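For reference, the structure is listed below as structure tokens.
Coordinate-derived values only; no laboratory data. Bear in mind the structure is a predicted one, so any value in this text is a computation, not a measurement. Using ideal geometry, Cβ is built from the backbone for each residue, glycine included, and neighbour counts are taken over all protein chains shown.
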Amino acid sequence: MASHLTSEHHSVLKRKRSASLPPTPPVSATDPEGPRLLDRAVNVLSTAAAALAHVTMLYERDPVTRDGLLRAVDCITDVHESGGKLVICGVGKSGLVGKKLVATMKSLGLASSFLHPSEALHGDLGDVRKSDAILFISYSGKTPELLSVLGHIPDHIPVLAITQHTTISDCPLLAERPDAMLLPAPIHEPEEVSFGICAPSTSTTVAIAVGDMLALTIAETMHHEDTKHVFQRNHPGGAIGAKLDSEAKDQSSRNSSPKRLKI
């Protein structure tokens, strides 16, 4: 009985204390803290924009980078035409970037699968077939788990990497594979300099953009003007599917409408 009263007494006191404390108002632009938080938030966006502009300039002007992209597109196109697929391997935030790229490629009709490096060393290496290619995603280019997987990839399997490095010789993942293909995804300044912490943010934004660039370029190379139709076939659901279906019906209606004869 005493225990019950004590518990009830504590509950009453807790409610009284909660009622006596004023609610914390939401931060707004007029609060002293508001402008500082908004400046920091906008800085994240402007930093990402600057990083994307930086990597765009690299692919516009650097001959080595441009050659690497063209070789990667040719390689993956050949792999698909021979019945193979692109296996994408990464861990941590880079692994999540890899999963997103796999999803994008599948929606564009490009055969792809994700390989977790830890699972790869416990049997999933069987997903890598003789007609496949493998793409590693690692900002540092020296992720231990990926280096471990690389040691088990046969020499005849084409190897690609999305990483901060701009030359193959500087990238530990590719240094022993001179025929590998490098897709640089550097950032203009370290995230710790930009935000005070080295949490993957700008680097993953750039990696996603480079992956999208690769996927859309390959899709155009393989499907040409049919790319939209391939995507429509593979994405019938959601708001995107509804929009594409509506566009297809409108186009069909226009095509079936009788043409008026000019008199």
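This ranking places 30, 47 by how few other beta-carbon atoms lie within 10 Å of each, fewest first, which gives 30, 47. Two numbers describe the Cα atoms of region 106-217: Rg and Dmax, which are 14.6, 45 Å.
Set against the 2.2 N^0.38 Å expectation for a compact globular protein, region 59-161 has a Cα radius of gyration ratio of 1.04. Taking θ as phi - 60° and the Karplus parameters 6.51, -1.76 and 1.60, the scalar couplings of region 224-230 work out to 6, 6, 8, 4, 5, 5, 5 Hz in sequence order, x denoting glycine and proline. Starting from the Cα of residue 106, draw a straight line to each of the aspartates and glutamates and keep only those under 16 Å, dropping any in the same chain fewer than 8 residues away. Hits, sequence-local ones excluded: 81, 132, 212, 220, 226.
Using the Karplus relation 6.51 cos²θ - 1.76 cosθ + 1.60 with θ = phi - 60°, the per-residue 3J(HN,Hα) values for region 139-153 come to 4, 6, x, 9, 4, x, 4, 6, 4, 5, 5, 4, x, 10, 8 Hz, with x marking Gly and Pro.
The 3J(HN,Hα) values that the Karplus relation (6.51, -1.76, 1.60; θ = phi - 60°) gives for region 102-109 are, in residue order, 4, 4, 5, 5, 4, 5, 9, x Hz. Gly and Pro appear as x. Local charge for residue 153 was computed over the other residues whose Cβ lies under 12 Å away, with Lys and Arg +1 and Asp and Glu -1, and equals -1.
Amide H contacts of residue 135 (H built 1.01 Å from N, in plane; Pro and chain starts excluded): 87, 88, 89, 160 sit under 5 Å, all sequence-distant by 5 or more or on other chains.
Footprinting exposure proxy ranking of 89, 171, fewest other C-beta atoms within 10 angstrom first, gives 171, 89.
Can you check what the net charge comes to around residue 74, using other residues whose Cβ is under 14 Å from the Cβ of residue 74 (Lys, Arg +1; Asp, Glu -1)?
Details: positive: 66, 71; negative: 67, 78, 81, 179, 220.
The answer is -3.
Fewest neighbouring Cβ atoms within 10 Å first, the residues 46, 194, 113 line up as 46, 113, 194. Which one, 103, 178, 218, is farthest towards the positive end of the dipole of region 49-231 when Lys and Arg carry +1 and Asp and Glu -1 on their Cβ? Working it through, the farthest residue towards the positive pole turns out to be 103.
In the neighborhood of residue 120, defined by Cβ-to-Cβ distances under 12 Å, what is the net charge if each Lys or Arg adds +1 and each Asp or Glu adds -1?
Values: positive: none; negative: 119, 124, 127, 145.
My count for the surroundings of residue 120 gives -4.
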